[in-house]
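Chemist: Pasting a structure here, questions to come.
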Amino acid sequence: MGLSHSSHYSHVSHVRNVATFNEKVIVSPYEDVYPRLDILDFYNNETYRPQFDLLVQGYQALQDRPYEDMRSYYQVAGIHGLPYTAYDGVTGANPYNSSEFSEGRWGGYCQHGNILFPTWHIPYMMLIENLLVGEAKKIAAQYPLNQRDRYIEAAKQLRHPYWDWADEKAIKGVPEIFMSPTIEINTPSGKKNVSNPLKSYTLPTDISEPLQKGQNPTDKPNYNVPNMSYIPYTPKGYPTVRYPNSNYEDRYDLQKQNFSVYVRSVFRPGLYQMFHVSSFLHFSNHIVASDDHEIPESNPGHPVPDPQKSLGYAHFSSIETTHDGIHMVTGGLGGHMSYIDLAAFDPIFFFIHLNVDRIIALWRGVYPNSWVPQNLNVNGSYTEGMNYVLNEYTDLEPFRKSETEFWKSSDVRNITKLGYTYLELEKFKDPKELQNYLLELYKADPHYGTRYFVKVTIEKGKLVGPYAIRVFVDLPSANAATPITSPHFAGFIAMWQSTLEHKNNSLVTGTVDITAAMERLGIRTQKQDYIHEVNATTGLLDPSSLFNIGTDINIVPVMMNGYEVSPKDAGVSLVQVFSFEHDKVDKNFLVENTGQFYTSKKF
């Protein structure tokens, strides 16, 4: 198979023509169960070539539908964020009013920063998959008789593939299938080199509003990526982009460079950590209400440095925390994937989120008894006001289960009942065996023994738009210009937020594993024999011999445009350093009470 090589958004948006297509969009489970496969296997393996041919043509068919059609790619992508209007007529019990954005209410349907982040995206992925399979079945019936049966069977087995962005292969960057402008496939009329609908999506109507001169794609070759306090404007007829240059073209060299660093320092450690976290609450998302009333401190295995000060929610990486990072690294400054309001218009969004769906399913395989607890939606959504109570029976709007019912988290707990699975779940039935497999799969480095973590607590809403909290070790001079290829760079925490979000009394916490950086710098991480450096009780290095948080742990907040912000201005309120014992015998080190608190610093 060959690959060739202004102002804040005013909410004057393009109203969906609901009346044009009267039949309601129902998200349906499948009668037969087939696995969702890795996109790398999907287009490299001859066995799956017919499914791949149908996938490409199916995506093109959805993108070619009139944009007013609720089954078009435009409408499905628009569910996530912009254009902040009703999908398929679903307005909910508390319809969104554009005047509420000043209060901090989120105007998209997507659930972020609450317990429904994992489960809301499950029927969303089913919706795009349903529509693709529907198109694939129509296309399969058009193949010549000597090929038709094979393609009809391929359409029946077709499930939307995922891209495992934490696999070791991702260190090489985004797969070529998402970058090549054209691709050769077998169509009903023979082999053709076709335009690649997985690379980008050309907008059929304007998204957002024009900004000042020089900050709009129409200004190329003098295009300047707008300040991060604005949502980039995408005019009708312009494609989605990643890391755009002055000519509004993708810069895949920068994207590849970032993946070569962040896969090892952020994505793999993030998944490795979350497969140790047994609480759905801690696994699900990145926000804690600052009054702590709705989110109890329920992780007794973690060490408590001060009886008056609990560790807080999401001490270790949540699925949403790591997910936030993949958005920023894939999109880059000015790229659609970097903006929560625009992300779903880039086709790679769905392949990335199918992997999120896979991670959720695998986590459920490891912890089958943990599911959605009651919690608050701090940010609100298109159909829900701020601070509404959520639980597993909350409607996952706008995804219809029938004409009158919406999918709920309680409906999506068992994915085989939905008609799909993942190969790892078929191979490893025992939760412990599955966990051991996953820990080996996503092990970021070969270092066992004691692992060290920096936890950063951030007040949300201090800055406008997405940014990153970079963590360096033993480099007091670190700043925004310090390259991420520096041996001192340990990782980052993504603050992936809408440019329209406002302060809403919530905190984000993230954890960076600094062990690999310490190893590179020759900082001792194992037990020592020196009497004055080792705690006689624990056998661990005493804090005073290892960390001076003022000079050894260096926090550098960086906006997407490369500008540096002070930790305090970025909302950083607390930095803490912990270690946990870990060895090949007992990999479940986060559950065991083996941790040691070293030091902390307030801002």
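Chemist: Is there a residue being more than 21 Å from Leu281 (Cβ to Cβ), in contact with a Lys or Arg (Cβ under 9 Å, 6 or more places away or on another chain) and polar (S, T, N, Q) anywhere in the range 139-151?
Modeler: As a first pass, look at the range 139-151 and keep what is more than 21 Å from Leu281 (Cβ to Cβ): 139-151.
Filter once more, so that each one left must be in contact with a Lys or Arg (Cβ under 9 Å, 6 or more places away or on another chain): 140-143.
Filter again for polar (S, T, N, Q), leaving 142.
Yes, some residue in the range 139-151 is more than 21 Å from Leu281 (Cβ to Cβ), in contact with a Lys or Arg (Cβ under 9 Å, 6 or more places away or on another chain) and polar (S, T, N, Q).
Chemist: Okay, moving on. Taking the conditions exactly as written (of a type in the set (Gly, Ala, Ser) and surrounded by fewer than 18 Cβ atoms within 10 Å (Cβ to Cβ)), does Ser284 satisfy them or not? Explain how you work it out, then say what you get.
Modeler: Details: of a type in the set (Gly, Ala, Ser): yes; surrounded by fewer than 18 Cβ atoms within 10 Å (Cβ to Cβ): no.
For Ser284, the condition - of a type in the set (Gly, Ala, Ser) and surrounded by fewer than 18 Cβ atoms within 10 Å (Cβ to Cβ) - is not met.
Chemist: Then there's this: Given the conditions (1) of a type outside the set (Gly, Ala, Ser); (2) buried (at least 21 other Cβ atoms within 10 Å of the Cβ); (3) touching a Ser or Thr at 6+ places or on another chain (Cβ under 7 Å), which single one is not true for Tyr262?
Modeler: With (1) of a type outside the set (Gly, Ala, Ser); (2) buried (at least 21 other Cβ atoms within 10 Å of the Cβ); (3) touching a Ser or Thr at 6+ places or on another chain (Cβ under 7 Å) applied to Tyr262, the lone miss is (3).
Chemist: Of (1) at pLDDT 95 or above; (2) in the same structural domain as Tyr272 (by TED's automatic domain parsing); (3) surrounded by fewer than 16 Cβ atoms within 10 Å (Cβ to Cβ), Leu158 satisfies all except one. Which?
Modeler: Going through the list (1) at pLDDT 95 or above; (2) in the same structural domain as Tyr272 (by TED's automatic domain parsing); (3) surrounded by fewer than 16 Cβ atoms within 10 Å (Cβ to Cβ), Leu158 breaks only (3).
Chemist: Sticking with this structure for a sec: Would you confirm, using the coordinates I've provided, whether Leu281 is at pLDDT below 95 and farther than 21 Å from Leu40 by Cβ? Step through it out loud before you land on a result.
Modeler: Working: at pLDDT below 95: yes; farther than 21 Å from Leu40 by Cβ: yes.
It is true that Leu281 is at pLDDT below 95 and farther than 21 Å from Leu40 by Cβ.
Chemist: Test Arg268 against the stated conditions and say whether it is buried (at least 22 other Cβ atoms within 10 Å of the Cβ), of a type outside the set (Val, Ile, Thr) and not assigned by TED's automatic domain parsing to the domain that holds Gly78. If you could, list the steps in order and put the result at the bottom.
Modeler: Values: buried (at least 22 other Cβ atoms within 10 Å of the Cβ): yes; of a type outside the set (Val, Ile, Thr): yes; not assigned by TED's automatic domain parsing to the domain that holds Gly78: no.
Considered against the rule, which asks whether it is buried (at least 22 other Cβ atoms within 10 Å of the Cβ), of a type outside the set (Val, Ile, Thr) and not assigned by TED's automatic domain parsing to the domain that holds Gly78, Arg268 comes out as no.
Chemist: What tally of residues in the range 1-57 results from selecting those that are at pLDDT below 85, surrounded by fewer than 22 Cβ atoms within 10 Å (Cβ to Cβ) and within 30 Å of Glu176 (Cα to Cα)?
Modeler: 5
Chemist: Separate question: Could you run through the range 220-229 and say how many residues are over 16 Å from Asn245 (Cα atoms) and either acidic (Asp, Glu) or crowded, with 21+ Cβ neighbours inside 10 Å (or both)? So that I can check it myself, show each step before the final result.
Modeler: We begin by selecting, within the range 220-229, every residue over 16 Å from Asn245 (Cα atoms); these are 229.
Still in the list and also either acidic (Asp, Glu) or crowded, with 21+ Cβ neighbours inside 10 Å (or both): none.
Adding up the residues that qualify gives 0.
Chemist: Right, here's the next one. Which one is farthest from Val25 (Cα to Cα), of the residues in the range 125-178 that are among the acidic types (Asp, Glu) and assigned to a helix (DSSP H, G or I)? So that I can check it myself, show each step before the final result.
Modeler: Initial filter on the range 125-178 (among the acidic types (Asp, Glu)): 129, 135, 149, 153, 164, 167-168, 176.
From the residues that got through so far, the ones that are assigned to a helix (DSSP H, G or I) too are 129, 135, 149, 153, 168, 176.
Working: Glu129: 13, Glu135: 15, Asp149: 28, Glu153: 25, Glu168: 38, Glu176: 33 Å.
That would be Glu168.
Chemist: Here is a further query. Could you list, in sequence order, all residues of the range 186-219 that are part of a loop (DSSP other than H, G, I, E, B), among the charged types (D, E, K, R) and surrounded by fewer than 16 Cβ atoms within 10 Å (Cβ to Cβ)?
Modeler: Lys213, the sole residue that qualifies.
Chemist: Given the residues Gln75, Gln51, which is the only one that is within 25 Å of the chain's Cα centre (by Cα) and under 28 Å from Trp165 (Cβ atoms)? Show your work before the answer.
Modeler: Details: Gln51 fails: within 25 Å of the chain's Cα centre (by Cα).
One residue alone meets the criteria, Gln75.
Chemist: Quick check: is even one residue across the range 296-311 assigned to a loop (DSSP other than H, G, I, E, B), farther than 30 Å from Tyr233 by Cα, aliphatic (A, V, I, L, M) and at pLDDT 80 or above? Steps first, please.
Modeler: So the first thing to find is which residues in the range 296-311 are assigned to a loop (DSSP other than H, G, I, E, B), and the list is 296-305, 307-308, 310-311.
Subsequent filtering for residues that are farther than 30 Å from Tyr233 by Cα retains 296-305, 307-308, 310-311.
Filter once more, so that each one left must be aliphatic (A, V, I, L, M): 304, 311.
Filter again for at pLDDT 80 or above, leaving none.
No, because not a single residue in the range 296-311 is assigned to a loop (DSSP other than H, G, I, E, B), farther than 30 Å from Tyr233 by Cα, aliphatic (A, V, I, L, M) and at pLDDT 80 or above.
Chemist: Continuing with the same structure: Within the range 460-498, can you find the residues that are surrounded by fewer than 19 Cβ atoms within 10 Å (Cβ to Cβ), within 24 Å of Asn379 (Cα to Cα) and not aliphatic (A, V, I, L, M)?
Modeler: Residues satisfying the conditions are Gly461, Lys462.
Chemist: Right, another one. If a residue has to be aromatic (Phe, Trp, Tyr) and not in a loop (DSSP other than H, G, I, E, B) to count, how many in the range 448-460 make the cut?
Modeler: Going through the range 448-460, the residues aromatic (Phe, Trp, Tyr) turn out to be 448, 452-453.
With the extra rule that they be not in a loop (DSSP other than H, G, I, E, B), the set shrinks to 452-453.
Number satisfying all stated conditions: 2.
Chemist: Given the options Thr322, Thr330, name the one that is of a type in the set (Ser, Thr, Tyr), surrounded by 24 or more Cβ atoms within 10 Å (Cβ to Cβ), modelled with pLDDT of 90 or more and not in a loop (DSSP other than H, G, I, E, B). Please lay out each step first, then the result.
Modeler: Values: Thr322 fails: modelled with pLDDT of 90 or more.
That would be Thr330, the only listed residue that is of a type in the set (Ser, Thr, Tyr), surrounded by 24 or more Cβ atoms within 10 Å (Cβ to Cβ), modelled with pLDDT of 90 or more and not in a loop (DSSP other than H, G, I, E, B).
Chemist: Something else about it: What pairs come out if I take residues in the range 222-245 that are more than 26 Å from Asn196 (Cβ to Cβ) and pair them with residues that are outside any loop (DSSP other than H, G, I, E, B) whose C-beta lies under 6 Å away, six or more apart or interchain?
Modeler: Note: pairs meeting the criteria are Met228/Met559.
The values are calculated or read from the model by the stated rules, or taken from the named source; none is laboratory data. Fair warning: this is a prediction, and the values are worked out from it, not measured in the lab. All Cβ positions, even for glycine, are placed from backbone atoms using ideal geometry, and neighbour counts span all protein chains on display.
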